[in-house]
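The structure appears right after this line, and notes come after that.
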Amino acid sequence: MSHSLQEQLLKSGLVSQDQAKKADKQAKLNTHQQQKQKKKRKKRSTPEPIDTESIAYIAAKAQEEEIERAKELNRQKEVQRLEKELQAQVRDLIQRHQVNDPKANVSYNFVEAGKFVKNFFVNDKQQQQLANGFLAITLLDDTYYLVPAPIAEKLLERVPETVVYLNKEKEKTSNEDDPYADYPIPDDLMW
């Protein structure tokens, strides 16, 4: 009697034999898929208890820790590589563009790190360029170098501590009560 409706439809000629087989096959497939989904839901809802004493668990945990250590080591190596690359770029920029004059005889005083007054020997033209902000003083391997201001700007973007002195024109804020506003400080003032 289970196929009574199917048999009746076949006998009356409303359904062909192929159509009946397809319908039967589709019904079995739907039932199978429903059973699979039930099993998946059951597995998700009741996780198996983990045996933390088993050798497989301990080995998997050790492998995870080893992978994490390797990732951290690779990250540190990448940071070191990038830092070395950056230092090489800075060294190259300074050495290629430095304009130090070995015959310089004018002492130029500047403040380094906001604390120490240092002096550096330049020629007259370089002194004027430093005062106007066209040149900058950089420090590389405990040696001072003069470089053009655009190069110093690039160095400030990469490693700001290499640029020791760069005279940037500061916007003058006009104070109407300032009695000395009409008397600018000369650039060539020696102190």
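Bear in mind that the values in this text are calculations on the coordinates, not laboratory data. Because the structure is predicted, anything quoted here is derived from the model rather than measured. Neighbour counts run over all protein chains shown; Cβ positions are idealised from the backbone, glycine included.
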Residues with amide H under 5 Å of Leu140's amide H, sequence separation 5 or more or different chain, H placed in the peptide plane at 1.01 Å from N; which? Tyr145
For the chain, which span is the longest to avoid every loop-located (per DSSP) member of trypsin sites (Lys or Arg not before Pro) having at most 16 other Cβ atoms inside 10 Å? 1-102
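Which order do Val106, Val164, Val147, Val117 fall in if you start with the one that has the fewest other Cβ atoms within 10 Å?
Numbers: Val106 15, Val164 20, Val147 25, Val117 9.
Going from least to most buried by this count: Val117, Val106, Val164, Val147.
Using a cut-off of 12 Å between beta-carbons, work out the net charge of the residues near Ile137 (Lys and Arg +1, Asp and Glu -1, Ile137 not included). Don't skip to the end; give the middle numbers.
On the way: positive: Lys118; negative: Glu112.
Counting the neighbours of Ile137, the net charge comes to 0.
Work through the residues other than Glu112 whose Cβ is under 14 Å from its Cβ and net out their charges, Lys, Arg +1 and Asp, Glu -1. Walk me through the numbers before you get to the answer.
Working: positive: Lys115, Lys118; negative: Asp142, Glu161.
Result for the neighbourhood of Glu112: 0.
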So who's got an amide H within less than 5 Å of the one on Asn167, skipping anything under 5 residues away but keeping other chains? H placed 1.01 Å off N, in plane. Gly133
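Hey, fewest Cβ within 10 Å first, where do Tyr108, Tyr180 land in order?
Tyr180, Tyr108
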The chain - mean residue ellipticity at 222 nm from DSSP helices (-39,500 (n - 2.57) per run, n ≥ 4, rounded to 500): -18000 deg cm²/dmol
Taking amide H positions as placed 1.01 Å from N in the peptide plane, with prolines and chain starts having none, which residues 5 or more places from Tyr108, or on another chain, fall under 5 Å of its amide H? Phe120, Phe121, Val122
